Amino acid sequence: MGRGKLVPRQLLAVLFLIAFCSLQELSASDDHTIFYESFDEPFEGRWIASDKADYQGVWKHSKSEGHDDYGLLVSEKARKYAIVKELDEPVSLKDGTVVLQFETRLQEGLECGGAYLKYLRPQEAGWKPKEFDNESPYTIMFGPDKCGATNKAHFIFKHKNPKTGEYVEHHLKYPTSVPSDKLSHVYTAILKPDNELRILIDGEEKKAANFLSAEDFEPPLIPAKTIPDPDDKKPEDWDERAKIPDPNAVKPDDWDEDAPMEIEDDEAVKPEGWLDDEPEEIDDPEATKPEDWDDEEDGEWEAPKIDNPKCETAPGCGEWKRPMKRNPAYKGKWHAPLIDNPNYKGIWKPQQIPNPDYFELEKPDFEPVAAIGIEIWTMQDGILFDNILIAKDEKTAESYRETTWKPKFEVEKEKQKAEDLAAGSDGLAGFQKNVFDVLYKIADIPFLSAYKLKIIDLIEKGEKQPNLTIGILVSVVVVIFSILLKVIFGGKKNAIVEKKNTGVAETSNSQGSSGEKEEEKEKEEREKEREDTAAPRRRSARREN
C-alpha cells in the first residue's frame, strides 16, 4: 500500500520538474526576445497603414492557407503596400548579437514583387507612420525580392559616412536566391559583434559575410584610401595606341581593291533536263473562288500557289543562272600592316590622391531601429507575413523556428507531396525540384556572378515548363562549360564599374542593374529572332551548284 501511494507522488514531482524547466526555458527565451509579432490578434491599431496616395494595397488579417495560424496578408494584385509598427523602445544594433527573423509565404507564387522588411530609424530622422513610403529612412532592408531575372534575398544596410554626413546604401554581394514554391519559409539575419553577418533560410545558412569586407558589400563600408584625381587631365600628346599603321608601307601594284568577292562560275553547265519554261509555282488547279467573294470589295480573286509538280522530278525550273564562286583575284581593301608604336605610353590613368571621404572603423556604427515597416510593390497577391522577431541570440530565433514555422512547413510539404503523388508525377516532380534547387545553388556561386542573370532566367523557364527540365539542365551545363573554356584559354573581361549610391533605397522595380538592362535587351533580341523564325520564307530560284 505504501509503495502504491508513492507512484503518484513521484509522477507529480516529475511533472512539476518538467513544468519548472519549461518555465525557465520560456523565461530565458523571453529575456532574449526584443520584439515579437505573431499576428494572432488583428493588427489594426498596432500596425499603421500609410495614407500616401501611391499605397492603395489593402492589408488583411488572414489565415495561412491550410492552417489556423494568422498572418498579415497582401490581398490585391498589382498594388503598392506600406505599413509600419513602432517598437516600444529603439533597438541598438551595436551591443552584442542581434537576430532579425520573419516568415513569409508566397501563396500565389511570386513573378514580380518584394516580400522584404525595412527596419526603420527613429522618426527624428524625418518620417511619420502615416506617411511611410519608399523614402522613409531605414537602417536595414532584408528579405526576398523577385522580378524577371532578379531573384535574391536582399540585405542592405544604410550607414552614415562620418566625413561627409551622407547615408550610403551598402548591398550584400552575391545574395542567395529565394525558394520558388508556395510554402512557408523563414528568413533569418544574424548580426554578430565581431562584424559577421549570417543569412539563413529555413534555418540553413545560405550566406556569410563581414560588414567591413570590400568583398562582401557594394560599395564597401570603408572607402578606398585613394581615388583618381578628378582634376587630372590626360596630356594632349599622350599616345595610347600600342600599334600603328606602318607609314612606310606601300600598296602593291597588283592589288585590285575593286575586284568583287564572287564571280560567275564560267565552267558551270546547265544540268540536263532543266525545265526553263516551267515556273517553280503554279496556280492550285483544285482551288475555287469562294461564293461570298466580292470582286469590288475584295479585289480580283487569284488562286493560291502550289509547288509545280513537274519540278519535283526535274533538276530545276525557271531561268537557269550560273552559280557564283569565290573570286581568286579578290583581296579587299588594302590596309598598311601594323607595327609597334614608338610613341606608345600605355593607357593613361589619372593620378591617385587621398580620398577626402576615407575613414576607418572597427565596426559599423549602425543607427538604432525604432520601427519595422513593410513597403513593397508586387504584381501578385497572397503574400503572407508572420512571426516577425527581433532577438538577442541565435537560440531564441531557433526556438521560434522550431515552434512556429517548422510544424506548418512540414504539413505543407506533406500536402504538396500528396498532391504530386495524386497527379502521378511524384517521382518526376521530386527530381525536378532537386534539379532546380541545385541549379539555384550553382547560380549563387560567386565565380558565376557575371552569368547569374542568364542562369536564373533559364531556371525560371524550366519551372514554368517542367517538361523542359533536362533541356534547361543541359543549357546551364553548356553555359558553365563555356565559362571554363574562357578561363582556360583566356578571353576579354568585362570592366566592373563601381557606382557609389548615396540615395535612398527604392522598391524592387527601381533597383535594376546594368546587368538586368542587358538581360532585357537580350530578351528583346530573342523575341525578334522568334518573329523572324516564324515569318514565312520565300522560295529562292534554284541554281546548279
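The values are calculated or read from the model by the stated rules, or taken from the named source; none is laboratory data. Bear in mind the structure is a predicted one, so any value in this text is a computation, not a measurement. So basically every Cβ, Gly included, is an ideal-geometry build from the backbone, and we count neighbours across all protein chains shown. Protein only, heavy atoms only, side chains kept; ligands, DNA and RNA dropped before computing areas. Shrake-Rupley method; radii C 1.70, N 1.55, O 1.52, S 1.80 Å.
Couple of notes before you dig in:
- Each peptide in 294-306, 55-67 gets a packing score, the mean of other Cβ atoms within 10 Å over its residues, and the list from highest to lowest is 55-67, 294-306.
- Of 212, 201, 304, farthest towards positive along the dipole that unit charges on Lys, Arg, Asp, Glu beta carbons give segment 196-311: 212
- Taking 20 Å as the straight-line reach from the Cα of residue 325, the aspartates and glutamates in range (excluding those fewer than 8 positions away in the same chain) are 256, 257, 258, 262, 264, 265, 266, 267, 544.
- Orientation-averaged projection of segment 309-422 equals 28.8 nm² [convex hull of Cα atoms, one quarter of hull surface area].
- Pairwise Cα inverse-distance average, inverted: Kirkwood Rh of segment 299-348 (Å): 18.8 Å
- Carbon and sulfur %, accessible surface of segment 108-239 computed with the full protein complex present, 1.4 Å: 46 percent
- Seen from a random direction on average, the alpha-carbon convex hull of segment 254-356 projects onto 21.6 square nanometres.
- Karplus-derived 3J(HN,Hα) values for segment 408-419, using 6.51 cos²θ - 1.76 cosθ + 1.60 with θ = phi - 60°, are 5, 4, 5, 5, 5, 5, 5, 5, 5, 5, 5, 5 Hz; glycine and proline are entered as x.
- Taking all Cα-Cα distances within segment 102-218, those exceeding 23 Å account for 35%.
- When the Cα atoms of segment 33-125 are aligned to their principal axes, the ranges along those axes come out at 39, 33, 28 Å in descending order.
- Of 118/207; 163/233; 251/331; 152/206; 118/163; 158/454, those spanning more than 23 Å from alpha-carbon to alpha-carbon: 163/233; 118/163; 158/454
- Spin-label zone in segment 330-367 - amide nitrogen under 12 Å from a point set 7 Å from the Cα of residue 234 along the C-beta vector: 345-350
- Centre separation in Å (Cα based) which lies between segment 321-376 and segment 92-111: 37 Å
- The packing ranking of peptides 90-101, 203-214, 377-388, highest mean first, is 377-388, 90-101, 203-214, where packing means the average number of other beta carbon atoms within 10 angstrom of each residue.
- Rg ratio (alpha-carbon, reference 2.2 N^0.38 Å) - segment 262-308: 1.97
- Solvent exposure of segment 269-347 amounts to 79 Å² per residue of accessible area, where only protein heavy atoms count and the probe is 1.4 Å.
- Summary of the geometry: segment 61-86 and segment 140-176, compared by the centres of their Cα atoms, lie 24 Å apart.
- Ligands, DNA and RNA are left out, and with a 1.4 angstrom probe the accessible area of segment 49-115 is 44 Å² per residue.
- Proximal charge balance of residue 334 [Cβ under 9 Å; K/R count +1, D/E count -1]: +2
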